[in-house]
Amino acid sequence: MSPWAEPAVDHPPPRGRADWVLAALVAATAVLEALVRRDLVWPPVAVAFGCVLAAAVLLRRTRPLLAVVLAFGGSAALDAAAFAAGTGPVVLYGGVVVLVLVHALFRWGAGREAAVGLGIMAVGFLTSVATDFPGTTDTIGGAAVLLLTAALGVLVRYRAAARAHLVARARSQERAQLARELHDTVAHHVSAIAIQAQAGLFLARSSSLGGATEALEVIEDEAARTLAEMRTMVGALRDRQDRPAMAPGRRIADIQDLAADGAHSLPVDVELHGDLADLPPALESTLYRVAREAVTNARRHAHRATRVRVELSGEESRIRMTVSDDGTRTPTAPNPSGYGLVGMAERVELLGGTFTAGPDPERGWSVRAVLPRGGPAT
C-alpha cells in the first residue's frame, strides 16, 4: 500500500484529562502573555489565536488535518496581516504546541491528510520566514525540528502497527494450536461414536428391532453431522496457511515433567490440590501449555530467582493455576503485553477463563489462570 492510500489509524485514544489540561494550559499561557509581555503585537488577537491552538489540541487525534490547518493556517494569516499592517509578527511562546499537532497528524492521520498537512505546514513556515526572516541558521533549525517531529510520528505509528501485527499473529497461532488439539480430541470420540452406532445398527437389523434401528440411525447421523461441523469450525479457527500435522494434546500429569526437567538449574515445585480428574482434554492441554510457557519465562527472565512454584487447584466448578517465582525482572523481561503472555491469555480466554500476569507486591512475578471445568470451547 502506498503512503498516499494509507488509512487513518482506527480507534485513536479518546480525549482524556491530559488533553483538557494541555488545552487549558495553552489558552492560559496566551492570556498570561497578553497581560505580561510588552512586546506582544495585537494582544487580543494573540489571545484568540491561543484559544484556536487550544481547540486544535483537543482535535488532534480525531481530526488531525483540521488541527494542523487551524494552527499553521492561522499562523500564516496572522503573519501576512501583520506584515501588511507594517507591524512585527504575532509571536506566542505557547505556540510551541504546534509540534504536538504535527506529531499527531503523522501518528493518527491518513496518508492523504499527512500529504496535505505537510503542504500546509510548508506554507505556514515559509510565510513566517518571508515576513520575518530569522536568519539562515534559525530557518534551517526550525525546518529540521518540524521534519523530525513528523518523522517521529511516522516511527511511532508504524512501530505500533508492527506490534499489533505481532500480537494478532500470536493470537492466531494459539487459536491454530487449540484448533488442532480440539480436532484430535473431538474427532477421536465422535469417530468412536459413529463406529459403535454402525455396529449397533447392524446387530439391531439382524434382530429386527425397529426401535433400536431407528435410534441407532439417529446416533449415526448426528455423530457424522457433528464431526463435519467440528471440522468446519476448526477450518474457520485455523489460518489458511497454517497446515502442520496434528499433534497429541498434553495432560495435567505432564506438568509434573516441568519439575523433573534437570536441564535447568532453577528448581520447579509442582503442587496439585483438589479434584483434577475427568477434565476435558482441551482444558488439560491449556493448563499444561500455560504452565510450561510461564515456567519458561521465569527461567529466562527471573533474575536471581531461587525457585519456581506451580500450584494447580481443582474446585467444584473451576480450576485455578498459579505460576510464581521469587526473582526480579531484567530490563528485557516480558511485561503483561508481551507476545508469550498474549498467547497464554488467548488460549485461556478461548476456554471461557480469565488470565492475569504481573509483578508481586514484594518480589517475584506471578501468572494466574482460572478456567471453568466446562468452558464454551471444551
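The values are calculated or read from the model by the stated rules, or taken from the named source; none is laboratory data. Nothing here was measured: the structure is a model prediction, and the numbers come from that model. Cβ sites come from the backbone with ideal geometry, for glycine too, and all protein chains shown count toward neighbours.
Residues in the stretch 289-304 that are surrounded by fewer than 21 Cβ atoms within 10 Å (Cβ to Cβ) and not polar (S, T, N, Q) were compared, and the one that is nearest to LEU258 (Cα to Cα) is ARG292. The criterion of at least 3 residues that are touching a residue at least 60 places away in the same chain (Cβ under 8 Å) and within 30 Å of ALA5 (Cα to Cα) is met, among helices (runs of 4 or more DSSP H) falling completely within the stretch 47-160, by 98-108, 111-131.
Here is a yes/no grid of residues against (1) at pLDDT 70 or above; (2) surrounded by 13 or more Cβ atoms within 10 Å (Cβ to Cβ):
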position: GLY142; (1), (2): yes, yes
position: ALA150; (1), (2): yes, yes
position: VAL156; (1), (2): yes, yes
position: ALA160; (1), (2): yes, no
position: ARG163; (1), (2): yes, no
position: ARG169; (1), (2): yes, yes
position: SER172; (1), (2): yes, yes
position: HIS188; (1), (2): no, no
position: ALA192; (1), (2): no, no
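Here's a check for you: in the stretch 9-39, which residue that is under 20 Å from VAL96 (Cα atoms) and of a type in the set (Asp, Glu) is surrounded by the most Cβ atoms within 10 Å (Cβ to Cβ)? That would be GLU33.
Within the stretch 265-288, can you find the residues that are assigned to a loop (DSSP other than H, G, I, E, B) and surrounded by fewer than 14 Cβ atoms within 10 Å (Cβ to Cβ)? Give the steps one after another, and end with the answer.
Going residue by residue through the stretch 265-288, those that are assigned to a loop (DSSP other than H, G, I, E, B) are 265-267, 275-280.
If the condition is that a residue be assigned to a loop (DSSP other than H, G, I, E, B) and surrounded by fewer than 14 Cβ atoms within 10 Å (Cβ to Cβ), then SER265, PRO267, ASP275, ALA277, ASP278 are the ones that fit.
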